[in-house]
Amino acid sequence: MLNFLREEGIRESLINEIISFRNFYKIEEKFEYRIPNPKYNYYGKDVWEEAITALLCGENLLLVGSKATGKNVLAENLSAVFGRPKWDISFHVNTDSTSLIGTDTFENGQVVFRQGPIYECAKWGGFGVLDEINMAKNDSVAVLHATLDYRRIIDVPGYDKITIDEASRFIATMNYGYAGTRELNEALTSRFMVINMPNISLENLKKLLLREFPSLNEDYLNQFAGLFKDLQLKSENSEISTKSVDLRGLLAAINLMDRGLSADKALKLGITNKSFDDFERTLVEDVISLRIPTNLERNEIFKD
Ligand SMILES: Nc1ncnc2c1ncn2[C@@H]1O[C@H](COP(=O)(O)OP(=O)(O)O)[C@@H](O)[C@H]1O
Ligand SMILES: [Mg+2]
């Protein structure tokens with residue numbers, strides 16, 4: 001991973017500080033399995049440098065951006081780079097303080113405390129990914145306030161005080177920019193350093209596609225990357241919604257092409273049909289047909 005950072009052009013002084021961090025903070029053997037081995041790399045030098053600097057300074061991070069801007073990929077990459085075990089903590093209707101911190105349960109006739117992910121992460125110097133934090137309900141917001149407190153002690157009524165390990169960091173993600181996304185309350189936001197996650201650049205998108213599909217033809221590498229940027233632009237100009245601006249869908253569609261489905265069909269499944277509006281689907285199809293011929297087959301898209 002550190003070599004990847006060098007390739008991305010991250011300042012050597014930051015890399016050295018990461019190495020010092022890793023040497024200084026030990027980790028329990030039983031949690032080594034939690035150090036991620038990322039499938040995807042995050043591309044974007046500026047964001048990397050901002051995130052690394054903030055974490056080195058002991059700050060917690062809030063990553064804000066539209067869907068598929070690599071928020072979770074970056075969070076995972078950061079725990080890998082810092083060599084820390086990762087806990088994923090997601091916020092949904094049923095997330096409450098007991099599911100976050102823990103609860104008393106019976107084991108062999110005895111009451112024992114079953115630790116929740118926030119507890120474990122704080123105790124063992126983990127990186128906690130607070131996924132879609134803006135969806136947190138009141139009960140979990142109270143826990144989050146305590147967890148992100150600068151005193152680094154989680155003090156919630158009904159529990160013993162938990163001291164947060166010096167190596168622990170919390171990285172929250174939040175989708176923003178399309179209908180239905182919720183705001184995050186101000187007091188909680190103020191406990192983070194906030195990074196606005198940019199849309200991936202054309203150059204980095206090509207890197208990503210090529211890494212995923214090494215045998216992609218140069219021509220179609222450019223066309224697929226260009227197609228995604230076209231859709232992004234149309235959405236920014238409010239000509240279409242964000243539904244079809246779907247990078248995950250594009251990657252999945254190329255994968256279907258690799259399995260032999262023609263390009264137009266694969267793109268329908270991965271991109272066009274994400275919109276449920278007839279008119280919008282026609283607009284998206286038009287964008288696609290400008291770059292991708294109908295009945296384009298696998299042997300024209302891939303080199304092998
Ligand atoms: N800058 C980027 N670098 C690497 N991958 C990216 C980037 N932006 C988007 N992606 C890709 O987008 C997809 C979704 O990433 P994810 O982290 O789950 O998005 P988010 O959490 O922001 O919705 C992944 O396939 C990821 O590789
Ligand atoms: Mg996400």
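Bear in mind these aren't lab numbers, they're just calculated from the coordinates by the rules spelled out. Predicted model only: the values in this text are computed from it and were never measured. As a convention, Cβ positions derive from the backbone with ideal geometry for all residues, glycine included, and neighbour counts pool all protein chains shown.
Quick look at the values:
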| quantity | calculated |
| --- | --- |
| Translational diffusion of the chain, µm² s⁻¹ [Kirkwood Rh, Cα pairs; Stokes-Einstein; 10 °C; 1.306 mPa s] | 75 |
| Listed residue (PHE276, GLY226, ASN204) projecting farthest to the positive dipole end of segment 202-301, Cβ model | ASN204 |
| Segment 1-41 shape via C-alpha gyration tensor axes, a/c threshold 1.5 | oblate |
| In order through segment 222-232: 3J(HN,Hα) via Karplus (6.51 cos²θ - 1.76 cosθ + 1.60), integer Hz, x for Gly, Pro | 5, 5, 5, 5, x, 4, 4, 5, 4, 5, 4 |
| Exposed GluC sites (Glu not before Pro) absent: longest stretch of the chain, with sites in DSSP loops and at most 13 other Cβ within 10 Å deemed exposed | 29-165 |
| Centroid-to-centroid separation of segment 257-304 and segment 161-206 [C-alpha atoms, Å] | 32 |
| Net charge over other residues, Cβ less than 15 angstrom from the Cβ of HIS145 (K, R count +1; D, E count -1) | 0 |
| Computed over segment 185-232, Cα set: Rg, Dmax in Å | 16.3, 49 |
| Dimensionless Rg over Rh [segment 205-276; C-alpha; Kirkwood] | 0.96 |
| Charge dipole (debye, nearest 20) of segment 83-167; +1 at Cβ of Lys and Arg, -1 at Cβ of Asp and Glu | 160 |
| Charge dipole magnitude, Cβ of K and R +1, D and E -1 - the chain, Cα centre, debye nearest 20 | 340 |
| Spatial separation of Cα centroids for segment 110-140 and segment 47-66, in angstrom | 20 |
| Where only C-alpha atoms are counted, convex hull volume of segment 162-304 per residue in Å³ | 163 |
